[in-house]
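What follows is one structure encoded as structure tokens, with my remarks underneath.
The values are calculated or read from the model by the stated rules, or taken from the named source; none is laboratory data. The structure presented is a predicted model; accordingly, all values stated were derived computationally and were not measured. A quick note on method: Cβ atoms are made from the backbone with ideal geometry, for glycine too, and the neighbour counts reach across all protein chains shown.
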Ligand SMILES: Cc1ncc(COP(=O)(O)O)c(C=O)c1O
């Protein structure tokens, strides 16, 4: 198999998938894979769930989709009220779409439309963070601090301002604890003032950075400090919870952990558990009401927005998560899982950090643990770990470039919320084996 740093192992080498059941996938050659990362942190309750499949089939037998400009539907209405109750009373409107990129795109547009509705159409500029990923459409890519994914499109992307990544393992000026969160909020404030608050529409960030950082949680106090400061300057906060939200971090909203409420939030991936593509942009009530009063509608959406069968799938997934108490399990078991991984990986001096929140866990490999110096990019170590794990029947999610966009090796582990104890033990054992094989062979 050939390693490719951005698209997996090389198309020609991909095995043919034929079946999924619980935490396992099976290929046409009869090989079994433990899905230790839910693909790219998407498959929240595993594969082939009969209850979800039955809900999808039942909906298809009624009607696949009622076009959103002509009809509402029971799954759409029920999902909307369930999500609003899960997100809390601050939120009032939801715009559905088919992917995380579209949900982010809609979030940016909602921010622009809100300022237009307020009579402040000059507020058009976005601020984002280095080492972030918000999606592959031009708008979402424009706010992404992801060198490798942006490079061929530079010149056609929006003019966006960037501030430092928020990363306690690679902190701004070596700061620790609450001082780091405050310094990063101060840096953002200085950027808003330099651009001019009258021009800034919103600041967008991932509460726990996914592929661009390798499961990096916001530093202590950061989210609250950013929310308060942005509110003072009249700048909206967009939380991109496409990867870290929908329960992945052990609370439905990832920012619940930080006791912060954004103005707009994008979710996707785990929302419908990967059974049918579905994403959503969830909007604070007063923003949505202001837009509706001024323009009559939130001006974003697509042919299949709120697709009836996708909503039925998401409703089934979310009901299972609620009924089986999976958020509480992810919350408590996630911390223990990080501890078990730390112990299993302790013999390897190259394992610099094991971090994350809930079932979004990042492992960072470094050449020197004391200085946190990354390995040369040419060694493509995270890809090698991913490949060795895959060969041994374990799926993890390797990410590269978290240090300056080129160097840096991280691997994300994101098991299904309902993975059994035996499956988690198998995950740790196979992952440790893949790290061992990578480090001894390269
Ligand atoms: C944080 C974040 N935002 C947005 C996206 C884009 O989502 P999608 O690939 O569904 O378009 C991703 C995808 O990995 C993501 O991790």
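Of note:
- Residue within segment 369-389 that is buried (at least 22 other Cβ atoms within 10 Å of the Cβ) and either within 24 Å of residue 174 (Cα to Cα) or modelled with pLDDT under 95 (or both) present: yes
- Any hit, segment 414-434, residues being in a helix (DSSP H, G or I), surrounded by fewer than 24 Cβ atoms within 10 Å (Cβ to Cβ) and within 21 Å of the chain's Cα centre (by Cα): no
- For segment 305-350, a residue qualifies if it is in a loop (DSSP other than H, G, I, E, B) and in contact with a strand residue (DSSP E or B) (Cβ under 9 Å, 6 or more places away or on another chain), and the qualifying residues are 305, 306, 307, 348, 349, 350.
- Residues in segment 257-272 that are closer than 18 Å to residue 37 by Cβ and in a helix (DSSP H, G or I): 269, 270, 271, 272.
- Subset of segment 100-133 [in contact (Cβ under 8 Å) with a residue 60 or more places away in the chain, in a loop (DSSP other than H, G, I, E, B) and farther than 24 Å from residue 256 by Cα]: 118, 120, 122, 123, 124
- Any hit, segment 359-373, residues being under 30 Å from residue 271 (Cβ atoms) and out of contact with any strand residue (DSSP E or B) (no Cβ under 7 Å at 6 or more places or on another chain): yes
- Qualifying residue in segment 271-282 (condition: surrounded by fewer than 21 Cβ atoms within 10 Å (Cβ to Cβ), within 13 Å of residue 93 (Cα to Cα) and away from the ligand (no atom under 13 Å from the Cβ)): no
- Condition met for residue 177 (touching a strand residue (DSSP E or B) at 6+ places or on another chain (Cβ under 6 Å) and in contact (Cβ under 8 Å) with a residue 12 or more places away in the chain): no
- Some residue of segment 242-258 being closer than 22 Å to residue 112 by Cβ, away from the ligand (no atom under 14 Å from the Cβ) and surrounded by 24 or more Cβ atoms within 10 Å (Cβ to Cβ): no
- Enumeration of residues in segment 366-392 that are in contact with a helix residue (DSSP H, G or I) (Cβ under 7 Å, 6 or more places away or on another chain) and in contact (Cβ under 8 Å) with a residue 40 or more places away in the chain: 381, 384, 385, 388, 389, 392
- The number of residues in segment 111-153 that are within 23 Å of the chain's Cα centre (by Cα) and at positive phi comes to 2.
- Any hit, segment 117-138, residues being within 14 Å of the ligand (Cβ to nearest atom) and at pLDDT below 95: no
- Close pairs (6 angstrom Cβ cut-off, 6 or more residues apart or separate chains): under 20 Å from residue 109 (Cα atoms) in segment 258-274, within 11 Å of the ligand (Cβ to nearest atom) and assigned to a helix (DSSP H, G or I) anywhere: 264/107; 266/103; 266/104; 266/107; 268/100; 268/103
- Sole residue being surrounded by 19 or more Cβ atoms within 10 Å (Cβ to Cβ), modelled with pLDDT of 95 or more and either within 16 Å of the ligand (Cβ to nearest atom) or under 22 Å from residue 361 (Cβ atoms) (or both), chosen from 237, 163: 237
- Listing of strands (runs of 3 or more DSSP E) fully contained in segment 22-99 that carry 3 or more residues being surrounded by fewer than 16 Cβ atoms within 10 Å (Cβ to Cβ): none
- Scope segment 61-102; condition within 16 Å of the ligand (Cβ to nearest atom) and more than 20 Å from residue 290 (Cα to Cα); matching residues: 97, 98, 99, 100, 101, 102
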